[in-house]
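One structure is given below, encoded as structure tokens.
The values are calculated or read from the model by the stated rules, or taken from the named source; none is laboratory data. Source: prediction; values computed, not measured. Methodologically, a virtual Cβ is constructed for each residue, glycine included, from the backbone with ideal geometry; neighbour enumeration extends over all protein chains shown.
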Amino acid sequence: MKKKFKSIVLVAALFSANCSYAQSGASEDNPIDRTSYITNPSFENGTSGWTVSNLVSQSNTSFPKKEGTFYLERWVSSGSAGNASVKQMVKNLPVGVYKLTVSAQNILQSNATKQNAGVNIFANSETTEVYTADDYIVEFKNTTGLVEIGYESKSAGGNWIAVDNFRLYQVGYVEKAEVATNLQAKITVMEGFYDAEKKGSADFLAEINKAKGMIEDSESSADDLAKEISTLDMALFAFCIANPEPGTGTAPKVTSTNHYIPTGSTEALVRATMTGSNIMERGVCWSTEHNPTVLDDRTTEYHSQNGYIYHIRNLRPATVYYIRPYIMNKTYMVAYGDEVKIVTHPKGTCVGTWDNKAPTEEANIRCRTAINQTIEYFNQWTGIRGFTLSGHYGAQTPTADCSYGGWMRIGPNAGNQAIGTVIHETGHGVGVGTHWRWNNCTDTREDQGKYGKWLGREANDMLKFLENKYNDETCYMRGDAVHGWGNNASYDWFVNGADKDKHIELQYLGGCCLLYALFIDGLCPTTSYPNGLSGYTYNFDSEKKYYLMCKDAKGGLGSGLLYARSTSATGWNHYLTQEKIGDEAAWYIEYNPTAGYYMFKNAGNGRYLTHASGSTNIGLKKITGTKTPSSTEYFQLMPDRTDVTLKAGNNNIKTHGYWLTWYDSDNKSIEAGSMGGLFGTIKQSTFDFSDKATTQQWIIISEDEIEQYKQIAIATGIKSIEHEVAKSEEKPQIIEIYNAAGMKISAFEKGINIVKYSNGETKKIIK
């Protein structure tokens, strides 16, 4: 905590040292443009820098006050646009009197001139109401260098709200004496909290004394003093967190953290369960470093859906973060949940077009808006690149439809000219009901002719997360040959009909999260993704070792591990039955967030698993100097769909595997062959997407788990395993015997013997 406190002080000091501002010429007649202090003021870089709720980027020309290419809006066909907001904390703003000018509207299209309540622009506590399309101004005084600006709708009277082009002008000054008075008042408050016996007291006192010195220093500017007010607030928060009071009631506690966390390109969703009394705040904190605290970035924003789903925004794409849920009571006692590593994926590059052939401009607006809103959600939550949604007006189309590849028609019914319908139809455009892995693959969806369950892991896990029914086996994705939906679900997440559209953000982003999960399971969103999407599917610690075991008896299930048998070649062997597992069978895992692929570096020789084009072998490649692994070292980890249980008495391990797959002229995958002499073979084969392809499915074992696997391997025969491999009913004959090192022998020896039978099965026999 002390380290965190020092970092806060250091940051504030750097700001103070590097920021100085001219104080001449600002007046109503001669304003100084301070818009540069606002990040992305006209949304030309999407929503970067802003916290946005229920507003989406739009590029049409319908909003007459738009500046540049994009603006933000929310539209519903009738009634209220509901709640929405966009806001930003502007930092290090020079002390002064300001005017914030914003282009905005709050329109009821059935009565466009009516002044509708419920929407305003704001700067800190100052607000100005918004009605018809116009430039709106809010005036405020800044004495701290920190101001929150934004646009907010609370049950808007209009059905179409829009905002763009934030401009900030300084029109006057605040005297240094006034800021000094405010700072002195803040110091007095701080001194009331100071206690020399408490943790961090020396740092806290140093900041108080620094503030006093700044007041006395004639060289300190009003801006320096203003920033020090904010710095003292942060210092007090850190001091209180370091020294919580006992208080009364139930202590705060995070009782559970759900480790399944959906991520977008700049957002993430987190579930946690918390308890306590006299609670001041609960939410999620995050950092790019381990063990984030409330002194790092944090949010309290949530969706209410069978519990809380906390919504993190403003992350960076393709970046590793560490998150922890937290709860804090009014005496600053803070409890944290488990730390979870997450990886944001690259932002998608989907685009949408509309042919503008609807008979009225109102209909064209509705369709364009729905398409653009859908594309915004797709680019945030699905990661698809290179997909084009091509929208066309269909005068004879009863509702709407879409073919694989994105050619869409929207009919004349206004209720279907909306985002929920367009997201639904775009689902068809990316494979739901239109790709063979949905409608003609019994491995992915059972009972193809009826309402079969989707068998992929990721989509079912995603639905359980959204519904908070993670242990409920009746909650799963299902569908017929054309459509998909959730079984035992609160929402129709894929909006199968305009009447199922709840017009809320969670339903839309949840539907896109489910689509992304289907792609991870192998559904192909475009022909450019022949193996579905490659993403972050196995959570690992880069400092730990991992082991790979084939999920087939002929490939070493129960005892065999993938290993480096030379500096350039791989194989598998019965390491789990040996006294020691050497580093040649251990691997460090790496992940490229931009590409979405995993890499495996051998712990013994530092070489990477590789699949050279045209080769049938899985080899090892040395990476030297500044070079980094290339695409021939990239592997997509696609979760398989069947479980396997290794048993030793009451000690059971239930797990599953992954296909290590890639595309090279066609779909390829790592496959384990049978034991032949000293080792089992490892090769690359044509990817087999079926459940029976267990020789291509690999169990990943962490160094924390390896001893448990080893004990089971020693205590049981290799075939004391429940799995889906067909067993011969005829009594097999012994055809080969090997010792524990893999050497072929003519008769049983004392110790461990590996026996191969005529039906292809392998067992371990101890003499």
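Conditions tested, residue by residue: (1) without any contact (Cβ under 8 Å) to a residue 40 or more places away in the chain; (2) closer than 30 Å to Ile581 by Cα.
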| residue | (1), (2) |
| --- | --- |
| Cys475 | yes, no |
| Gly479 | no, no |
| His483 | no, no |
| Asn488 | yes, no |
| Leu506 | no, no |
| Gly522 | no, no |
| Thr526 | no, no |
| Tyr546 | no, yes |
| Lys551 | no, yes |
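Restricted to segment 53-102, and to residues there that are among the β-branched types (Val, Ile, Thr) and under 30 Å from Leu183 (Cβ atoms), the residue that is modelled with the lowest pLDDT is Val95. Which of the residues belonging to segment 469-515 are of a type in the set (Gly, Ala, Ser), more than 30 Å from Ser85 (Cβ to Cβ) and either surrounded by 16 or more Cβ atoms within 10 Å (Cβ to Cβ) or touching a Ser or Thr at 6+ places or on another chain (Cβ under 7 Å) (or both)? Gly479, Gly484 - these are the residues of segment 469-515 that are of a type in the set (Gly, Ala, Ser), more than 30 Å from Ser85 (Cβ to Cβ) and either surrounded by 16 or more Cβ atoms within 10 Å (Cβ to Cβ) or touching a Ser or Thr at 6+ places or on another chain (Cβ under 7 Å) (or both). Among the numbered conditions (1) loosely packed, with under 14 Cβ neighbours inside 10 Å; (2) closer than 18 Å to Tyr308 by Cβ; (3) β-branched (Val, Ile, Thr), the only one that Thr248 does not meet is (2). Among the conditions (1) farther than 22 Å from Thr388 by Cβ; (2) surrounded by 24 or more Cβ atoms within 10 Å (Cβ to Cβ), the only one that Phe519 does not satisfy is (1).
Counting only strands (runs of 3 or more DSSP E) that sit wholly inside segment 252-303, those with at least 3 residues that are among the hydrophobic types (A, V, I, L, M, F, W, C) are 268-275, 279-287.
To keep it simple, each residue is scored yes or no on (1) assigned to a loop (DSSP other than H, G, I, E, B); (2) touching a strand residue (DSSP E or B) at 6+ places or on another chain (Cβ under 8 Å); (3) more than 16 Å from Gly150 (Cα to Cα).
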{"residue": "Asn45", "(1), (2), (3)": "yes, no, yes"}
{"residue": "Gly49", "(1), (2), (3)": "yes, yes, no"}
{"residue": "Ser57", "(1), (2), (3)": "no, yes, no"}
{"residue": "Phe63", "(1), (2), (3)": "yes, yes, yes"}
{"residue": "Lys66", "(1), (2), (3)": "yes, yes, yes"}
{"residue": "Arg74", "(1), (2), (3)": "no, yes, no"}
{"residue": "Ser77", "(1), (2), (3)": "yes, no, yes"}
{"residue": "Ser85", "(1), (2), (3)": "no, yes, no"}
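Within segment 613-636, residues that are within 18 Å of Ser665 (Cβ to Cβ) and in the same structural domain as Thr661 (by TED's automatic domain parsing) sit with their Cβ atoms under 6 Å from residues that are at pLDDT below 90 and not polar (S, T, N, Q), at 6+ positions apart or across chains, in these pairs: Ser613/Asp664; Thr632/Ala612. Remark: pairs (first residue in segment 200-217, closer than 16 Å to Ala185 by Cβ; second residue outside any helix (DSSP H, G or I); Cβ separation under 7 Å; 6+ apart in sequence or on different chains) = Ile208/Tyr194; Met214/Ser220. Scanning segment 92-113 for residues that are in contact with a Lys or Arg (Cβ under 9 Å, 6 or more places away or on another chain) and either without any contact (Cβ under 8 Å) to a residue 12 or more places away in the chain or of a type in the set (D, E, K, R) (or both) turns up just one, Lys99.
Looking at Thr632, Thr642, Thr628, just one residue is on the phi < 0 side of the Ramachandran plot and in a helix (DSSP H, G or I), and that residue is Thr632. Within segment 48-89, if we keep just the residues that are over 26 Å from Arg298 (Cα atoms) and of a type in the set (A, V, I, L, M, F, W, C), the residue that is surrounded by the fewest Cβ atoms within 10 Å (Cβ to Cβ) turns out to be Val76. Scanning segment 543-581 for residues that are among the basic types (Lys, Arg) and touching a helix residue (DSSP H, G or I) at 6+ places or on another chain (Cβ under 9 Å) gives Lys545, Lys551, Lys554, Arg565.
Is it fair to say Leu93 is assigned to a strand (DSSP E or B) and not polar (S, T, N, Q)? So Leu93 fails the test.
Only residues that are over 25 Å from Thr442 (Cα atoms) and either surrounded by 14 or more Cβ atoms within 10 Å (Cβ to Cβ) or out of contact with any strand residue (DSSP E or B) (no Cβ under 6 Å at 6 or more places or on another chain) (or both) were counted in segment 636-662, giving 7.
The requirement of being closer than 21 Å to Tyr476 by Cα, touching a strand residue (DSSP E or B) at 6+ places or on another chain (Cβ under 9 Å), in a helix (DSSP H, G or I) and hydrophobic (A, V, I, L, M, F, W, C) is fulfilled somewhere in segment 369-391, by at least one residue.
Can we say Asn314 is in contact (Cβ under 8 Å) with a residue 40 or more places away in the chain and surrounded by fewer than 21 Cβ atoms within 10 Å (Cβ to Cβ)? Yes: the conditions hold for Asn314. Elements of the type strands (runs of 3 or more DSSP E) sitting completely within segment 109-222 and holding at least 3 residues that are of a type in the set (A, V, I, L, M) and surrounded by 13 or more Cβ atoms within 10 Å (Cβ to Cβ): these cover 119-123, 146-156, 160-172. Within segment 399-426, the set of residues being modelled with pLDDT of 95 or more, assigned to a helix (DSSP H, G or I) and either outside the structural domain of Ala370 (by TED's automatic domain parsing) or touching a Ser or Thr at 6+ places or on another chain (Cβ under 9 Å) (or both) comprises Thr421, Val422, Ile423, Glu425, Thr426. For first residues located in segment 434-450 and part of a loop (DSSP other than H, G, I, E, B), partners that are small (Gly, Ala, Ser) and lie 6+ apart or on another chain with Cβ distances below 8 Å form the pairs Thr434/Ser403; Asp443/Ser690; Thr444/Gly456; Thr444/Gly522; Glu446/Gly452; Gln448/Ala481; Gly449/Ala481. As a summary of the residue check, Thr273 satisfies the conditions (1) under 16 Å from the mean Cα position of the chain (by Cα); (2) closer than 23 Å to Glu505 by Cβ except for the one numbered (1). Considering only residues in segment 685-726 that are assigned to a strand (DSSP E or B) and either modelled with pLDDT under 95 or among the hydroxyl-bearing types (Ser, Thr, Tyr) (or both), the one that is nearest to Tyr547 (Cα to Cα) turns out to be Ser702.
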